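I have placed the structure first, in the form of structure tokens, so that the comments after it can refer back to it.
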Amino acid sequence: MMEYKNTLSLPKTRFSMKANLAQREPEMLKRWKAIDLYGRMKEQGQGRPRFILHDGPPYANGHIHLGHAINKILKDIIVKSHHMMGSDTPYIPGWDCHGLPIEHNVEKDLGSKRFKMDKLAVRKACRRYAEKFVRIQKEEFSRLGILADWDNPYLTMTYDYEASICREFCRIFMDGHVIKSKKPVYWCSTCVTALAEAEVEYAPHESPSITVRFAAGEVLKQWLADRFGILAGPAFALIWTTTPWTLPANLAVALHPDYDYSAVEVQLGSKKEVWLLAEERLLSTLIDAGLEQKNVRVLGTFRGGDIEGMEVKHPFLERDSLLIVAPYVTMDTGTGCVHTAPGHGTDDYESGIRYGLDIYSPVDDYGRFTSEVKEFAGENIFDANGKIIEVLQHNESLVAYTTIEHSYPHCWRCKKPVIFRATAQWFISMKARSLRDEALRAIETVRWIPDWGKERIYGMVKNRPDWCISRQRSWGIPITVIICEDCKAPLMDQSIADHLTEIFAKEGSDAWFSRQAQELLPPGTKCPKCGGTRFHKETDILDVWFDSGVSHAAVLETRKGLCSPAALYLEGSDQHRGWFQSSLLTSVATRHRAPYEAVLTHGFVVDGKGKKMSKSVGNVIPPADIIKKYGAEILRLWVSAEDYQDDIKISNEILQRLTEAYRKIRNTIRYLLSNLSDFDPDNHSVDFCRLDALDRWALMRLGEITINVKRAYKEFKFHSVFHQIQQFCIVDLSALYLDILKDRLYCEHPKDHIRRSAQTAIYRIAHDILLLMAPILSFTSEEAWGHMPDAVNENSIFLAEMPDTPSISIDKSFQAEWELLWKIRGEVTKALELARKEKRIGLALDAKVLIRPSEDMRDFLKKHVPLLRTITIVSQLDVDEELDSGDGTVWRSDEIEGLAVKIIQAAGEKCARCWTWSEDVGKDPSWPDVCGRCARVLRNLLIE
């Protein structure tokens, strides 16, 4: 018997089955750098419509984590896909280099040496630290396959960027948005600085929950007696608080002007007293106090506004507290009488301003009571809670006391509880020049993805307080305000702004700390208010969110090839209160528009059980570990496989599943390439109109996938891209089309029309699928692109354009025919499985299929017998309208009414070359063990 293997056109490719991603990817990165791939893409984009994705700067602080990986991979997918769809997509990565996170770590590294260093020395150490982690993170981001202008990133600590910050602050200041005021702000007594809202995290915290008596003043006592008759005992307004330490700063008690309040007589042993509290809160307050309804008698009710302006007595200090009204008083907790300390709360502050109260905060920078509170001077405020409660118990002012756990603000850096504390700070006013209203109008002009992002940021901007922009730290851009020593007026005009900006551009912001105030001003400057010539500098630095918030001015408006507003900002959903908002406010204040046309947000990384990643829990997976084990490609696949707008789960099990999905996609690509080893697209391609029907179906499906994938890229629905490509590769190609093609690819003459038809389709499928998946599976697509036939000759797949749909003429009847053909194939497959199970056949090629059609399907089946035989991969198939309905081996379809299928052993003998059964095996004496088709192929091969 002849050995026929060498006469077959078996698959052949150098594209490896084993990916070895961890080893191959660094080699690919070196190649991209060697050919200056990003530079070539940038050059290619010249003259195209611009699509600018502006990079939100991560902190130059520590190694990257999975949140960073999600963010940068999503941006990379967008930049690559839009470039390949015909846009100019320059991508400038950035880093946030100032601020507390960096200074905090530098101080830990310096230890006690920190106290021997001046501010400039500390700033120099911070700059070195930031430079170090810019280098580290740049390598780590690049390792993910991110294509960017890594040689020219923007850093918020370069002199040109610092000059831009100075320029933008001065512009906002001169436009009347900046004020200095003593008002409550978030304050971290551990880090010793004010914090912005975006620098505060909420976490569980245990606090004392107390209800306290405030004795009625003389006017209130008389009013109660006039209203309800002679009182049986002393009267008290009851307040509730979870911050006993703020009681020394109490100056008022707030009631709702329109709610009903009760005066209730309470029996406490042998004594009686009268409590004033909200009618709605009476029952819960009695329970907290360990009393029952039988212990009280309601004297009557009144509106909160009825006693506005009267006074109650502070429970342990010799002063009165004013009764005020406020609409923010609610009935969900407490007593309806709200303890008010204007120096320790936003609502309290607003009420204090309204009623002319002192903005009183007897707490120092380190969270200790000042000498103004003699009883607790020098005491840490949280430690003093217990002592204050003891005082209240001792003077019988305490009604109830328990401990509760609730959500409480903590510092984002040191994770310690923060306080609200009134200090003199610089603010960007939300009211001045209608900044809030203009920002809300700007939000309406932006496309928010997902839609709920609009409502989220709208609500935040609508309700946010003034933006506290001053910080009491060293490492940052100074608040460039110079103040007259004589009249205390700040100096700022365009000439001063330009002069400062020029100094910063040449020397950096260190100049503010190394020069005297006069040296920072243009020569001959005098105070325009009093004519004075003695000045001092502001010592606070700017909130780091201001630094990154002006990147639209510092980067988009200054870098060649960029423009503002950006087409897209993309960050985590926490940036609705962070970078998205700071960028919006600085842009609206100076340019009266949003700095972005669209904003896209992604969720956060959680473990496989949906729990937040935490070092203490031990569920953190560093990106470097994943890359080492699986390769960056699997990380990229992970980012694309999930709906990133929700939180994204990751675990070893998830990564294993994705690795298996990747393996199947890679093997499909490999099989496509392996059948093109003898195919030259310029010389061997078949016109689409002459393609075999099966190949036209495959290209029809390719066209559908192409349309859907390109639409998904434009709509940023990358999980749809992944799932469609995965489905096409594994189901349409591997399980159907390529399985069916094996006979003609291997056994037909290499130059036969039907084989060249299949190769034409395979070439187009491989070409287009590689392009479609390149933005996601960048390393694999680039590698496979290098194994395509010579006609694809670009140095990189990323210099090619996304494919158009194949230009084949497809009508609805063609689609309908194939839908029915695949449906019939499915029923035949079920019958074959049954026959195999019953051991009537071994392989599908051992079978002859007999089909009894339904009445309305007879002509269709007879017309498509050869095609059905091909797609069912059997040796013989025929229509038999006389199938015995009583035959137990007949498969009766539940899906297609009237259709029956019988599987019998194929007639003839098995061809030794193609393994199909045929009655013409041996007809050609030259090859007695092969079928007629194979004999013809062998004869032609012999002739050649």
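The values are calculated or read from the model by the stated rules, or taken from the named source; none is laboratory data. These numbers come from a predicted model, not from an experiment. Ideal geometry is used to build each Cβ from the backbone, glycine not excepted, and the neighbour counts take in all protein chains shown. In case anyone asks, the SASA skips ligands and DNA or RNA and just uses the protein heavy atoms, side chains included. Shrake-Rupley method; radii C 1.70, N 1.55, O 1.52, S 1.80 Å.
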> Can you give me the relative contact order of region 278-329 as a percent, contacts being Cα pairs under 8 Å and 6 or more apart?
Replying inline: 23 percent
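In Å², what does the accessible area per residue of the chain work out to with a 1.4 Å probe?
Normalised by residue count, the accessible surface of the chain is 43 Å².
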> In what sequence, highest mean first, do 639-650, 620-631 appear when ranked by Cβ atoms within 10 angstrom?
Replying inline: 639-650, 620-631
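Stick to Cα atoms and the Kirkwood definition of Rh, then tell me Rg/Rh for region 793-862. Could you put the intermediate results ahead of the total?
Numbers: Rg = 20.1 Å, Rh = 16.1 Å.
Rg/Rh for region 793-862 comes to 1.24.
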> Share of region 675-753's accessible area from carbon and sulfur, percent, 1.4 Å?
Replying inline: 47 percent
>> Using Cα-Cα distances under 8 Å and only pairs 6 or more residues apart, what relative contact order does the chain have, in percent?
In response: 14 percent
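Of the heavy-atom accessible surface of region 766-864 (probe 1.4 angstrom), what whole percent is carbon and sulfur?
Working: 1990 of 4360 Å².
That share works out to 46 percent.
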> Hey, got the dipole for the chain? About the Cα centre, +1 on K and R Cβ, -1 on D and E Cβ, debye to the nearest 20?
Replying inline: 2060 debye
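Using a/c under 1.5 as the rounded threshold, could you call region 245-327 rounded, prolate or oblate? The axes a ≥ b ≥ c are square roots of the C-alpha gyration tensor eigenvalues, and prolate needs a/b larger than b/c, oblate otherwise. Kindly include the intermediate steps, with their values, before the conclusion.
Details: a/c = 1.96, a/b = 1.32, b/c = 1.49.
Judged from the Cα gyration tensor, region 245-327 comes out oblate (a/c at least 1.5, b/c at or above a/b).
Fully extended, how many nm does the chain gain between Ser112 and Ile810 (0.36 nm per residue separation, minus their Cα-Cα distance)?
Details: separation 698, 0.36 × 698 = 251.28 nm, distance 7.74 nm.
Working it through step by step, the gained length comes to 243.5 nm.
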> Roughly what angle does helix 632-641 make with the longest principal axis of the chain, taking Cα atoms, 0 to 90 degrees, to the nearest 10?
Replying inline: 80 degrees
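How many percent of the accessible area of region 268-416 is carbon or sulfur, using a 1.4 Å probe? Provide the component values of the computation, followed by the final result.
Details: 3420 of 7530 Å².
Within region 268-416, the accessible surface is 45 percent carbon and sulfur.
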>> Need the list of lysines near Lys183 for cross-linking: C-alpha distance under 30 angstrom, and skip anything on the same chain fewer than eight residues off.
In response: Lys119, Lys313, Lys374, Lys387, Lys415, Lys416, Lys431, Lys454, Lys462, Lys488, Lys529, Lys537
> At each listed q (0.09, 0.12, 0.18, 0.23 Å⁻¹), what is the log10 of I(q)/I(0) that the Debye formula gives for region 694-806 modelled as equal alpha-carbon point scatterers?
Replying inline: -0.24, -0.43, -0.95, -1.37
>> I need the per residue convex hull volume for region 705-755, using only the alpha carbons, in cubic angstrom as a whole number.
In response: 78 Å³
> What percentage of all Cα-Cα pairs in region 29-153 are separated by more than 26 Å?
Replying inline: 33 percent
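Rg/Rh for region 413-531 to two decimals, with Rh computed the Kirkwood way over all alpha-carbon pairs. Working shown, then result.
On the way: Rg = 19.1 Å, Rh = 18.0 Å.
Dividing the radius of gyration by the Kirkwood radius yields 1.06.
How large is the dipole of region 602-735 about the Cα centre if only Lys and Arg carry +1 and Asp and Glu carry -1, each at its Cβ, rounded to the nearest 20 debye? Walk me through the intermediate numbers first.
Details: 20 positive and 18 negative charges, 132 e Å.
Here the size comes out at about 640 debye.
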> What list of whole percents do you get for P(r) of region 348-407, with Cα-Cα distances grouped in 5 Å bins up to the one holding the largest distance?
Replying inline: 4, 15, 16, 16, 22, 21, 5
>> For a Förster distance of 51 Å, can you work out the FRET efficiency between the beta-carbons of Trp452 and Arg939, rounded to the nearest 0.05?
In response: 0.15
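For a distance above 17 Å, tell me the whole-number percent of Cα pairs in region 1-57 that qualify.
Details: 1113 of 1596 pairs.
Result for the distance tail: 70 percent.
Explain nothing, just the number: dipole magnitude of region 1-138 about its Cα centre with +1 on each Lys and Arg Cβ and -1 on each Asp and Glu Cβ, in debye rounded to the nearest 20.
Numbers: 27 positive and 14 negative charges, 77 e Å.
It comes to approximately 380 debye.
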> What does region 49-105 give for Rg and for Dmax, in Å, if only its C-alpha atoms count?
Replying inline: 13.9, 45
> Going out from 0 in 10 Å bins, what whole percent of all Cα-Cα distances in region 301-450 drops into each bin?
Replying inline: 8, 26, 35, 20, 8, 2
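Suppose we take every Cα in region 730-861 and form the convex hull; what volume per residue is that in Å³? Walk me through the numbers before you get to the answer.
Working: hull volume 22.7 nm³, N = 132.
Spelled out: Cα convex hull of region 730-861, divided by residues, is 172 Å³.
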>> As I understand it, the dipole of region 836-927 uses +1 on the Cβ of Lys and Arg and -1 on the Cβ of Asp and Glu, about the Cα centre. Which of Thr872, Cys914, Gly888 lies farthest toward its positive end?
In response: Cys914
>> Using the Kirkwood formula on the Cα atoms of the chain, what hydrodynamic radius do you get, in angstrom to one decimal?
In response: 34.0 Å
> Where a Cα-Cα gap under 16 Å defines reach, which lysines qualify for Lys830, not counting those fewer than 8 residues away within the same chain?
Replying inline: Lys839, Lys848, Lys902
> Arg135 to Thr333: FRET efficiency via 1/(1 + (r/R0)^6), r the Cβ-Cβ distance, R0 45 Å, to the nearest 0.05?
Replying inline: 0.30
